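As structure tokens, the structure follows; a few thoughts come after it.
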Amino acid sequence: MPMENYEYCNFEEMRDILSLDGIRALVIGAASGIGLGISYGVLANGGTVMAADINDKALEKLRLSVDGREGTMYTEACDLTSVDSVRNLYSAAIQKLGKIDVVYVVAGIDPVQRIENFDYEAFDRAVELNFKGAFIALKEIAVKIGKAFNKGSVVLIASSLTQRTEIGQGVYSATKGAVIQLARAFSAEMGKYNIRVNVIAPGIVETPMTESLRKDKKSYSECAAKSPLNRWARVKDVVGPALFLATEGASFINASVIFVDGGASFIDNRFIPEI
Ligand SMILES: NC(=O)c1ccc[n+]([C@@H]2O[C@H](COP(=O)([O-])OP(=O)(O)OC[C@H]3O[C@@H](n4cnc5c(N)ncnc54)[C@H](O)[C@@H]3O)[C@@H](O)[C@H]2O)c1
């Protein structure tokens with residue numbers, strides 16, 4: 001006998017599946033750009049945030065900017081490249097939030113340089129933050145969340161430059177590609193703790209990181225033209241999927257990479273034949 005539709009799902013189940021009400025989020029790299037947007041997004045949608053960043057002054061600005069608004073945002077200085085600093089952040093976050101439902105690993109740098117001119121110090125800094133920083137966050141925070149709470153969502157920020165790369169982006173795209181593979185293996189290891197691990201891969205986003213390129217009109221429009229939508233991503237375009245990954249509605253999304261690039265990774269929009 002076939003089952004009735006309402007035996008597969010019911011109306012009440014659909015309530016709150018996109019809600020962030022009461023969610024407790026830890027955001028690393030929270031004081032600028034995408035991390036700032038995610039912090040605002042969680043707060044504005046009923047969650048509590050522990051905003052962490054290496055930049056003390058920018059963190060203080062962030063705290064002041066939410067003063068008097070609904071919800072609670074805590075701030076904590078943290079250097080994602082330091083194991084001790086990240087361990088302290090976990091303790092501070094648990095002390096303030098009680099529990100962590102979602103951790104966003106956002107901090108990153110993009111030193112653009114041809115390999116022939118890349119200096120080794122710059123190489124080490126990029127690997128230390130983009131790749132080792134992600135590893136430290138997974139090991140020192142996400143594992144502990146899994147063991148302590150048996151539930152959680154981890155969101156790492158990579159880049160659409162993991163699909164294709166460009167002159168000067170070799171080191172950056174390699175570190176971000178490494179983040180994707182790390183996330184996949186980690187999601188395999190953490191399934192037993194009910195931890196989901198996903199990656200967001202943005203195209204070019206309007207943030208302080210890309211300011212110099214954005215200010216140059218020609219570079220701006222040429223970057224925009226790579227996507228069929230013919231524009232750059234705004235911070236909120238990345239915040240939407242980042243928040244979604246923390247909701248009940250995303251509870252079966254695991255080991256995935258969500259491209260937020262207007263289609264640019266899979267479509268070259270720069271030549272359009274006359275058809
Ligand atoms: N902006 C883009 O076009 C773009 C595109 C794809 C991916 N991304 C990625 O998104 C993430 C955020 O980029 P953004 O554009 O918002 O950058 P951003 O420069 O605006 O912000 C980065 C934040 O990370 C913090 N940070 C730097 N080093 C840190 C450390 N050691 N410990 C803790 N925090 C540290 C900075 O202080 C800053 O607040 C990065 O991983 C970046 O690679 C950005």
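The values are calculated or read from the model by the stated rules, or taken from the named source; none is laboratory data. Keep in mind it's a predicted model, so treat the numbers as computed, not measured. Neighbour counts run over all protein chains shown; Cβ positions are idealised from the backbone, glycine included. Quick note on the areas: whole protein, heavy atoms, side chains included, nothing else; ligands and nucleic acids left out. Shrake-Rupley method; radii C 1.70, N 1.55, O 1.52, S 1.80 Å.
Being open to solvent by less than 50 Å² (accessible area, probe 1.4 Å), touching a residue at least 60 places away in the same chain (Cβ under 8 Å) and away from the ligand (no atom under 16 Å from the Cβ), is that true of even one residue in region 218-235?
no
Give me the residue from region 177-207 that is basic (Lys, Arg) and either in contact (Cβ under 8 Å) with a residue 60 or more places away in the chain or open to solvent by 50 Å² or more (accessible area, probe 1.4 Å) (or both) and, out of that set, farthest from the ligand (Cβ to nearest atom).
If we take residues in region 177-207 being basic (Lys, Arg) and either in contact (Cβ under 8 Å) with a residue 60 or more places away in the chain or open to solvent by 50 Å² or more (accessible area, probe 1.4 Å) (or both), then Lys192 is farthest from the ligand (Cβ to nearest atom).
I'd like to know if region 38-47 contains one or more residues that are touching a helix residue (DSSP H, G or I) at 6+ places or on another chain (Cβ under 8 Å), buried (at least 21 other Cβ atoms within 10 Å of the Cβ) and of a type in the set (A, V, I, L, M).
yes
Based on this model, can you work out whether Asn130 counts as modelled with pLDDT of 95 or more, within 24 Å of Ile253 (Cβ to Cβ), open to solvent by less than 10 Å² (accessible area, probe 1.4 Å) and of a type outside the set (Ser, Thr, Tyr)?
yes
Please determine, by comparing only the residues of region 16-36 that are within 16 Å of the ligand (Cβ to nearest atom) and of a type outside the set (Gly, Ala, Ser), which one is farthest from Ala52 (Cα to Cα).
Ile34
What are the pairs with Cβ atoms under 7 angstrom where one residue, in region 50-72, is touching a residue at least 24 places away in the same chain (Cβ under 8 Å) and the other, located anywhere, is open to solvent by 100 Å² or more (accessible area, probe 1.4 Å)? Sequence gap at least six, or different chains.
Matching pairs, first to second residue: Met50/Lys96.
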